[in-house]
Structure formats: structure tokens, C-alpha cells
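Quick notes on the structure that follows.
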Amino acid sequence: MALSNPKVRIYVAGHRGLVGSAIVRRLEREGFTNILTATRDQLDLRDQAAVNDWFRANRPEYVFLVAGTVGGIWANTTRPAEFIYDNMMIHATVVHAAHRFDVGKLLYLGSSCIYPRNCPQPMKEAYLLGGPLEPTNEPYAIAKIAGIKLCQAYRRQYGSSFISAIPTNLYGPNDNFDLESSHVLPALIRKFHEARIAGRNEVIVWGSGSPRRELLHVDDLADACLFVMRNWDEEDHINVGTGEDLSIRELAEKIRDIVHPPARLVWDTTKPDGMPRKLLDVTRLHDLGWRHSTGLEEGIASTYRWFLEHHAGTAG
Ligand code: GFB
């Protein structure tokens, strides 16, 4: 069945996460009625036998493989074993089961941290494996690169229609706001919010403020995922981003201006900067006809509203 038939069976692996929940919302909005999901308790995606049984019983026709152990720079630095093991296993079991049980098409998501640390900017798809990786996220990046190579290998050997997209840094509803494991944008929303509630006018921001990041709202990513599922069927991966970046200092100032304007930024330079810059070259996606639609200020404001509705009671 085509991805226009509302009855087509679509498995979203990782439906409770930032990305998976956005894809489910997007699919529901389009009227799909057979969206398949499984919680961690129902299915351990690291267990090949369990994943095979689940695919045999549920027979998905399309798979969005967006499950994994993810986190910000500190989680990557302090939990490298989980980041490499969980992700290598999850990617392998799902790709293998998708092949065994004849999935029509699978979309796998990588991450912009898979490009070399000193990659020329903006980063074209062809720059993958052109140099050493950023040490703070090397285990995660290796697992993500392996996922892309899995999709390519199954396509080459078995003709599987498995594709990979590489999203830039993401944010939005259902993000992780835990200060130890989150990414910079949700962490700073929470830090400025807590300072505002406590009447404090200083907020600690990690690193030097000079690294640059490109940020994409997860609803735009979900839109792009459906778009590439429908419009891309190549061995090569495809970048998904906005094509624009800003420094961490500029990002922190934007978040401050929305959440707690009187606050002053205090830099904790004992924390790592990570990759100096990772701006994706999105020419390939733009040429196919897709562009993001959520501006950064608008996205920060709506994510802050989401945070207020879902977390503010516990966070400050
Ligand atoms: O978002 P983030 O954790 O991930 O950090 P990466 C981005 C930048 O923001 C780094 C700085 O330079 C951080 O030092 N930063 C400033 C902060 N204040 C904070 C804060 O309070 N919390 C956090 N988390 N950062 C991760 C990778 O890299 O991003 C993964 O480790 C993955 O592999 C993911 O690719 C998208 O962009 O540095």
C-alpha cells in the first residue's frame, strides 16, 4: 500500500521520544489509522528475537526507525557505553527484522554529529567519514554511522528500500528537560525559567558560548520525514535542517529574552564545547522541494509554553 492509503500499517519505533511523538502526531493529522507502536516494556528493541516476533505478529509496511538512547553533550560524555551499545543493537535488530518481514520502506534517522569534527561547513552528505569524529560523542556517532551503513548494505545485498536522513539538532514538545541529560535548548529554557521563579538574575551556561548550532523544530522534522519517505529512495543519506545556525551565546540570549529578560549569562568553561560548528548543507533537500517553516524565536516561545504546561509544576 502507498503512503497515501490511510490503512497502511506504519510502525514508529521510538514513539514516546521527541522525534517519534512528532511523527505520530503528524501521521494522525494526515488521517492514518494503522499507526503501530510498542513501549519499552512491551518490546526491548535490543533483543533480536523479540523484535522478530513483534514484526511477525504486526507486519508493518512502513517503518520510521527513530528509537534510540539520545542525550546532550554531558550524557554522551558520561554514558558512552549505553550510547554505543543501545543504539547499535536497536538499529541492527529493527533493520534486520524489517528485511526479514518484508517491510516496504524504512526511514532511519542519523544525527549531524556523525560528520567529522573539523568538517568543512556547511556539511555536505559526501563529507561523511572524511576525518576523525568529535570525541564527546564518538560512541554515539559510530553507532549512528553503523545505522546508515546497515541500510545501505541491506539495500545493496537484498534490494531493500531502506533510506537514511540526517537531522540537525532538534527541539520541541516532549523534549527532555533534565539538566544532566538534555540538549542545550531545553536545558536553557528550564534554567532561565527556574531563575525567573526564584527571582535570580544569573544563569549558568556551559562552555565558551562560541560553538555554533543549527536548530530545527521537531514538527518540521516530522514533516520532512514524511516528505523523504515519499520522495527519496537512494542509497545515499539526505541532510535535514534549516541551513542556518547561530552561536550558543546568541541562542542563550534569545532564550533569555523570551523567558527571563533581566538575567545575566555566566559561563561555566569547565563544561565541554563539543563540535565547534555543525551546519548541514541542505541543498539536496531544498532541491527536492522541502523547506522548514518554524522560525527559531517562534519555536522557542512555543516550546516554552509546552514546558510551562507540562513541567513547570515540578521544575520551579
Ligand atoms: O545541545 P548539546 O548538549 O549538544 O550542547 P551538542 C550544545 C552546546 O551547548 C555545547 C552548550 O557547546 C554545550 O556546552 N551548552 C551551554 C549546554 N549550556 C548548556 C546546558 O545547560 N546544557 C547543554 N546540554 N548544553 C549533542 C551530541 O551534541 O547533540 C549528540 O552529544 C547529538 O551526539 C546531539 O548529536 C544532537 O550539539 O554539542
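The values are calculated or read from the model by the stated rules, or taken from the named source; none is laboratory data. In this text the structure is predicted, and so the values were computed from the model without any measurement. Every residue, glycine among them, receives a Cβ derived from its backbone with ideal geometry; neighbour counts consider all protein chains shown. Only protein heavy atoms, including side chains, enter the accessible area calculation; ligands, DNA and RNA are left aside. Shrake-Rupley method; radii C 1.70, N 1.55, O 1.52, S 1.80 Å.
So which residues in region 7-32 are of a type outside the set (Gly, Ala, Ser), in contact (Cβ under 8 Å) with a residue 24 or more places away in the chain and either surrounded by fewer than 12 Cβ atoms within 10 Å (Cβ to Cβ) or outside any loop (DSSP other than H, G, I, E, B) (or both)?
Passing the criteria: Lys7, Ile10, Tyr11, Val12, Leu18, Val19, Ile23, Arg25, Arg26, Leu27, Glu30.
Please indicate, with yes or no, whether at least one residue in region 75-89 is crowded, with 17+ Cβ neighbours inside 10 Å, hydroxyl-bearing (Ser, Thr, Tyr) and at pLDDT 95 or above.
The answer is no; no qualifying residue exists.
Kindly establish whether Ser302 is open to solvent by 10 Å² or more (accessible area, probe 1.4 Å), over 21 Å from Met123 (Cβ atoms), hydroxyl-bearing (Ser, Thr, Tyr) and not in a loop (DSSP other than H, G, I, E, B).
In short, yes.
For region 215-239, which residues satisfy the criterion of being within 16 Å of the ligand (Cβ to nearest atom) and β-branched (Val, Ile, Thr)?
Answer for region 215-239, where residues must be within 16 Å of the ligand (Cβ to nearest atom) and β-branched (Val, Ile, Thr): just Val218.
Can you report the number of residues in region 122-136 which are part of a helix (DSSP H, G or I), modelled with pLDDT of 95 or more and open to solvent by less than 50 Å² (accessible area, probe 1.4 Å)?
Matching residues across region 122-136 total 1.
How about region 52-77: which of its residues are more than 11 Å from the ligand (Cβ to nearest atom), among the hydrophobic types (A, V, I, L, M, F, W, C) and part of a helix (DSSP H, G or I)?
Once the filter is applied, which keeps residues that are more than 11 Å from the ligand (Cβ to nearest atom), among the hydrophobic types (A, V, I, L, M, F, W, C) and part of a helix (DSSP H, G or I), region 52-77 yields Trp54, Phe55, Ala57.
Filter region 116-154 down to residues that are small (Gly, Ala, Ser) and within 20 Å of Gly274 (Cα to Cα) and give me whichever is nearest to the ligand (Cβ to nearest atom).
In this case the residue turns out to be Ala141.
Which residues, counting only those in region 166-214, are within 10 Å of the ligand (Cβ to nearest atom) and more than 26 Å from Arg16 (Cα to Cα)?
Of everything in region 166-214, those that are within 10 Å of the ligand (Cβ to nearest atom) and more than 26 Å from Arg16 (Cα to Cα) turn out to be Val203, Ile204, Val205, Trp206, Gly207, Ser208, Gly209, Ser210, Pro211, Arg212.
Using the structure shown, decide if Tyr62 is surrounded by fewer than 20 Cβ atoms within 10 Å (Cβ to Cβ) and modelled with pLDDT of 95 or more.
For Tyr62, the condition - surrounded by fewer than 20 Cβ atoms within 10 Å (Cβ to Cβ) and modelled with pLDDT of 95 or more - is not met.
Six or more apart or on different chains, Cβ under 8 Å: which pairs go from a residue in region 39-65 that's farther than 19 Å from Leu3 by Cβ to one that's among the hydroxyl-bearing types (Ser, Thr, Tyr) and open to solvent by 20 Å² or more (accessible area, probe 1.4 Å)? Could you list them?
Arg46/Tyr85
Tell me which of these Val94 doesn't satisfy, since it passes every other one: (1) part of a helix (DSSP H, G or I); (2) open to solvent by 20 Å² or more (accessible area, probe 1.4 Å).
Looking at each condition in turn, Val94 falls short on (2).
Keeping to region 245-259, report how many residues are touching a residue at least 40 places away in the same chain (Cβ under 8 Å) and surrounded by fewer than 21 Cβ atoms within 10 Å (Cβ to Cβ).
4
Can Gly104 be described as open to solvent by 20 Å² or more (accessible area, probe 1.4 Å), farther than 24 Å from Val24 by Cβ, away from the ligand (no atom under 14 Å from the Cβ) and not charged (D, E, K, R)?
No.
Checking Ile163 against (1) under 21 Å from the mean Cα position of the chain (by Cα); (2) more than 10 Å from the ligand (Cβ to nearest atom); (3) part of a loop (DSSP other than H, G, I, E, B), which test does it fail?
(3)
Any idea how many residues of region 140-160 are open to solvent by less than 30 Å² (accessible area, probe 1.4 Å) and part of a helix (DSSP H, G or I)?
9
Might you let me know whether region 106-120 holds any residue that is of a type in the set (A, V, I, L, M, F, W, C), assigned to a loop (DSSP other than H, G, I, E, B) and without any contact (Cβ under 8 Å) to a residue 60 or more places away in the chain?
no
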